[in-house]
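Would you mind keeping the following structure in view while I ask a few things?
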Amino acid sequence: MRSLERAAPRAGWAELPAPFQFVLDTLTITEGELRKVRHDPFELMTRVIQPILWLLIFGQVLAKTRAIPTGNVPYLDFLAPGILAQSALFSAIFFGISVIWERDLGIIHSYLVAPVSRASLVTGKALAAGLRALTQAVVIYIIAALIGVHLRLDAESVVGTILVVVIGSALFASFSLNIACLVRTRERFMGIGQVLTMPLFFASSAIYPVSIMPGWLQTIAALNPLTYMVDALRELMVVGATGTNQIPLDLVVMSAVLVGLLALATRLYPRLAQ
């Protein structure tokens, strides 16, 4: 809890404007969450196995069959951004289980009595989840380059990809946090998480274009935040690839959903300790 102790003096600085206090407290919580990863790097290693399998096995097979129309873009080029979005989703959607563990260990009560706002707590945790996803992004970039994906490696594209990965992962981590606050047990959370991940994944443009979906599924895809994340990543990562939406629209939609989920989590978070 050293990170919270460092936040305490800042909270007492009466001359510090509220927005700056919020940023400092959020970064303090983020630092504490990232420190957990440093003490358990094996968790990051296990997270990269699934995307590697998708690219090296699933992607290679479908690329050979040419069963999915992707226009002038090779299927592996089309798939790589979708697998990056998928890996961010799959890891972030189970973020809430760690919050339930914190409740069981009594850590949440320490957070709630700390001199930091609830908004800083949930935002810091979501930001940490977003930054942790960058490890998967690095691995997927390396694997994609090795299998011949035509990547855009200019500074603007890479920075844009980092931004999209962080926002998207933070979004789904916030979604997961809301679920954890509502169900409040590990067993129920795991069941709901498993039910949600595959529909979110398959009702997006991660592994096939939205244009080949039936009409009702296209409507669901348009409401799915993962679709916008995949679209932005595809335009930013791959040479010659174009998505279904412009990147500014993708970022606006993702950011709006993230803010809404953070606001809801801020209200629900104290319930988890009850």
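The values are calculated or read from the model by the stated rules, or taken from the named source; none is laboratory data. This structure is a prediction, so every number in the text was calculated from the model and none was measured. Counting neighbours? That spans all protein chains shown, and the Cβs are built from the backbone with ideal geometry, glycine included.
Could you list, in sequence order, the residues of the stretch 60-77 that are of a type in the set (A, V, I, L, M, F, W, C) and exposed (fewer than 14 other Cβ atoms within 10 Å of the Cβ)? Spell out how you get there, then give the answer.
Step one: list which residues in the stretch 60-77 are of a type in the set (A, V, I, L, M, F, W, C), which gives 61-63, 67-68, 73, 76.
Matches in the stretch 60-77: Val61, Ala67.
For the stretch 183-221, which positions are touching a residue at least 24 places away in the same chain (Cβ under 8 Å), in a helix (DSSP H, G or I) and surrounded by 15 or more Cβ atoms within 10 Å (Cβ to Cβ)?
Listed by number, the residues that qualify are Arg186, Phe189, Met190, Gly193, Leu196, Thr197, Leu200, Phe201, Val210.
Quick check, is Ile140 modelled with pLDDT of 85 or more, of a type in the set (Val, Ile, Thr), under 22 Å from Asn224 (Cα atoms) and crowded, with 22+ Cβ neighbours inside 10 Å?
no
Tell me, which residue of the stretch 239-274 that is modelled with pLDDT of 70 or more, surrounded by fewer than 18 Cβ atoms within 10 Å (Cβ to Cβ) and of a type in the set (S, T, N, Q) is farthest from Leu182 (Cα to Cα)?
Of everything passing the filter in the stretch 239-274, Gln246 is farthest from Leu182 (Cα to Cα).
Given the residues Ala128, Ala92, which is the only one that is modelled with pLDDT of 85 or more, aliphatic (A, V, I, L, M), in contact with a Lys or Arg (Cβ under 9 Å, 6 or more places away or on another chain) and under 20 Å from Asp25 (Cα atoms)?
It is Ala128.
Report every pair of residues separated by at least 6 positions or lying on different chains whose Cβ atoms are under 8 Å apart, first residue within the stretch 16-33 and under 11 Å from Thr123 (Cα atoms), second of a type in the set (Lys, Arg) and surrounded by fewer than 17 Cβ atoms within 10 Å (Cβ to Cβ).
Asp25/Arg10; Thr28/Arg6; Thr28/Arg10
Restricting to the stretch 150-176, name every residue that is over 21 Å from Tyr228 (Cα atoms) and assigned to a helix (DSSP H, G or I).
If the condition is that a residue be over 21 Å from Tyr228 (Cα atoms) and assigned to a helix (DSSP H, G or I), then Ala155 is the only one that fits.
Among the residues of the stretch 98-105, is there at least one that is under 16 Å from the mean Cα position of the chain (by Cα), more than 29 Å from Val210 (Cα to Cα) and either at pLDDT 90 or above or surrounded by fewer than 20 Cβ atoms within 10 Å (Cβ to Cβ) (or both)?
yes
Output the residues belonging to the stretch 113-133 that are in contact with a helix residue (DSSP H, G or I) (Cβ under 6 Å, 6 or more places away or on another chain) and surrounded by fewer than 20 Cβ atoms within 10 Å (Cβ to Cβ).
Correct list: Pro115, Arg118, Ala119.
Of the conditions (1) over 24 Å from Val230 (Cβ atoms); (2) hydroxyl-bearing (Ser, Thr, Tyr); (3) buried (at least 16 other Cβ atoms within 10 Å of the Cβ), Ser110 satisfies every one except a single condition; which number is it?
Condition not satisfied by Ser110: (3).
Condition (residue is surrounded by 24 or more Cβ atoms within 10 Å (Cβ to Cβ) and either among the hydrophobic types (A, V, I, L, M, F, W, C) or in contact with a Lys or Arg (Cβ under 8 Å, 6 or more places away or on another chain) (or both)) applied to the stretch 150-166: is it met by at least one residue?
So far as the stretch 150-166 goes, yes, one or more of its residues are surrounded by 24 or more Cβ atoms within 10 Å (Cβ to Cβ) and either among the hydrophobic types (A, V, I, L, M, F, W, C) or in contact with a Lys or Arg (Cβ under 8 Å, 6 or more places away or on another chain) (or both).
A further question on this structure: Please enumerate the residues belonging to the stretch 55-104 that are in contact (Cβ under 8 Å) with a residue 60 or more places away in the chain, among the hydroxyl-bearing types (Ser, Thr, Tyr) and in contact with a Pro (Cβ under 8 Å, 6 or more places away or on another chain).
Across the stretch 55-104, the qualifying residue is only Thr70.
Now for a different question. If you take the residues in the stretch 21-59 that are among the polar types (S, T, N, Q) and within 30 Å of Tyr208 (Cα to Cα), which one is modelled with the highest pLDDT?
Gln50
Of all the residues that make up the stretch 222-262, how many are aliphatic (A, V, I, L, M) and free of Cβ contacts under 8 Å to residues at least 60 places away in the same chain?
Residues that pass the stated criteria total 7.
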